[in-house]
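Quick notes on the structure that follows.
Read the figures in this text as sums done on the coordinates, not as results from a lab. Remember, it's a predicted structure, so these values are computed and weren't measured experimentally.
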Amino acid sequence: MSILGHILHLDAEHARRLAQELHHQTRQSSELLRPPELPSNPPVIALRQAAQAAIDSTTRRTHILFAVGQQLAENSLTSVGHIEQQEQVNSVNLGGQP
């Protein structure tokens with residue numbers, strides 16, 4: 001009985017591909033658009049500064065989200081590998097094939 005297939009209902013290759021895709025996507029550039037150049041009068045400067053602060057905040061949060069996604073992908077790949085290794089050990093211990 002396969003722990004991955006029969007108990008967890010998990011296709012190891014599919015899980016591995018999803019984790020690798022997540023890892024790849026979180027390594028992509030998270031560059032956000034910069035606001036266009038605007039006139040230099042005080043109200044517009046204040047608006048531009050507020051817009052830039054919002055973009056900077058969003059960029060910081062995006063970087064955090066990407067880091068969490070990378071960690072999730074790495075943990076997923078590691079978990080699938082550990083489950084497969086343990087499944088092989090259990091199979092050998094029960095007299096089956098590795």
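Once phi is turned into ³J(HN,Hα) by the Karplus curve 6.51 cos²θ - 1.76 cosθ + 1.60 with θ = phi - 60°, what whole-Hz value does each residue of segment 83-96 show in order, with x for glycine and proline?
Values per residue, Gly and Pro as x: 5, 5, 4, 5, 4, 5, 4, 4, 4, 5, 4, 8, x, x Hz.
Could you give the semi-axes, largest first, of the ellipsoid that matches segment 37-91, computed as the square roots of 5 times the alpha carbon gyration tensor eigenvalues and rounded to whole Å?
Values for segment 37-91, descending: 51, 6, 4 Å.
What are the ³J(HN,Hα) couplings of segment 18-27, residue after residue, when phi is run through the Karplus curve with 6.51, -1.76, 1.60 and θ = phi - 60°? Round to Hz, x for glycine and proline.
Each residue of segment 18-27 in turn: 4, 5, 5, 5, 4, 4, 4, 5, 7, 8 Hz.
Taking θ as phi - 60°, what are the ³J(HN,Hα) couplings along segment 62-74 by the Karplus curve (6.51, -1.76, 1.60), each to the nearest whole Hz, with x for Gly and Pro?
5, 4, 5, 4, 4, 5, 5, x, 4, 5, 4, 4, 4
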